[in-house]
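Comments concern the structure below.
The values are calculated or read from the model by the stated rules, or taken from the named source; none is laboratory data. In this text, all values refer to a predicted model and were calculated from it rather than measured experimentally. Counting neighbours? That spans all protein chains shown, and the Cβs are built from the backbone with ideal geometry, glycine included.
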Amino acid sequence: MGKKKFAVVLSGCGVYDGAEIHEATMTMLSIIEAGAAYQCFAPDIPQYHVINHLTGDEMDESRNVLIESARIARGDIKALSEFKASDYDAIIFPGGFGAAKNLSTVAFDGADATVNPEVEDAIKQMLAVHKPIGALCISPAVVAKVIQGVEVTIGNDKGTIEAIEKMGSKHRVTTHGQVVHDHKYNVFTTPCYMLDATILDIKEDAAAVVKKMVKEMVEK
């Protein structure tokens, strides 16, 4: 039996306008440490905006989500339009505001958010064959919008919890190292930087969710 293979969906490069780099990197490291493999994906779309990560100010320029995500993936990345559930055993979404700004409009519209069609299609493809779907940090809110009724966690942020519940999904309060597994939909979530955290906490969370996803795949 070959290695289990994850699709890792990125949303840019940088916490304020793309994928959270610690979460993305620790997710990939955890996948390798668990004896699995991964392929990075991102939608080939413009970023919502560009943030100066030194000052927090918006910058007068435009960037592409796939091109920016390629920075984290060291160029080894595919457009999300190429994703096929038949080629992968699991899919996982690191967090960062890119998930809430580029993969969806959760950052702006809360419970009324829309989800990028390619992201929604990838999630629904995996859902249809009951393969594991993982999400870290704010990304569970994206999954909760697509799979209404799913139980997820983003830690304990009141506003985001309310938005998830208004979407018709369920939330469980957690802390670092804890993973919520919705067995019905086979969705695995953990809070990461939605809580106060160090990079060690992020490593713990990423490892916990990846290990549980791999365990589920092996036991099936």
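Can you pull out the residues in the stretch 81-111 that are at positive phi and among the polar types (S, T, N, Q)? Residues satisfying the conditions do not exist here. For the condition without any contact (Cβ under 8 Å) to a residue 40 or more places away in the chain, under 17 Å from Asn102 (Cβ atoms) and in a loop (DSSP other than H, G, I, E, B), Asp44 qualifies.
Would you check if Lys220 is out of contact with any Lys or Arg (no Cβ under 6 Å at 6 or more places or on another chain), charged (D, E, K, R) and either over 22 Å from Leu29 (Cβ atoms) or free of Cβ contacts under 8 Å to residues at least 60 places away in the same chain (or both)? The answer is yes for Lys220. Pairing each residue of the stretch 1-25 that is surrounded by fewer than 24 Cβ atoms within 10 Å (Cβ to Cβ) with any residue that is of a type in the set (D, E, K, R) and modelled with pLDDT of 95 or more, provided the two are 6+ apart or on different chains, yields C-beta distances under 6 Å for Lys4/Asp89; Lys5/Asp89.
Each row is one residue, and each column tells you yes or no for (1) closer than 9 Å to Leu10 by Cβ; (2) touching a strand residue (DSSP E or B) at 6+ places or on another chain (Cβ under 7 Å).
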{"site": "Thr55", "(1), (2)": "no, no"}
{"site": "Glu58", "(1), (2)": "no, yes"}
{"site": "Val65", "(1), (2)": "yes, yes"}
{"site": "Ala73", "(1), (2)": "yes, yes"}
{"site": "Asp76", "(1), (2)": "no, yes"}
{"site": "Ser81", "(1), (2)": "no, no"}
{"site": "Ala85", "(1), (2)": "no, no"}
{"site": "Gly95", "(1), (2)": "no, yes"}
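When you scan the stretch 186-220, how many residues do you find that are part of a loop (DSSP other than H, G, I, E, B) and over 16 Å from the mean Cα position of the chain (by Cα)? Going through the stretch 186-220 one residue at a time, the tally reaches 4. Of Lys184, Lys170, all but one fail to be more than 17 Å from Ile123 (Cα to Cα) and either surrounded by fewer than 19 Cβ atoms within 10 Å (Cβ to Cβ) or in contact with a helix residue (DSSP H, G or I) (Cβ under 6 Å, 6 or more places away or on another chain) (or both); the exception is Lys170. Taken together, the residues in the stretch 112-159 that are touching a Pro at 6+ places or on another chain (Cβ under 8 Å) and either assigned to a strand (DSSP E or B) or farther than 23 Å from Pro191 by Cβ (or both) amount to 3. On the stretch given as the stretch 53-78, residues that are assigned to a loop (DSSP other than H, G, I, E, B) and surrounded by 13 or more Cβ atoms within 10 Å (Cβ to Cβ) total 2.
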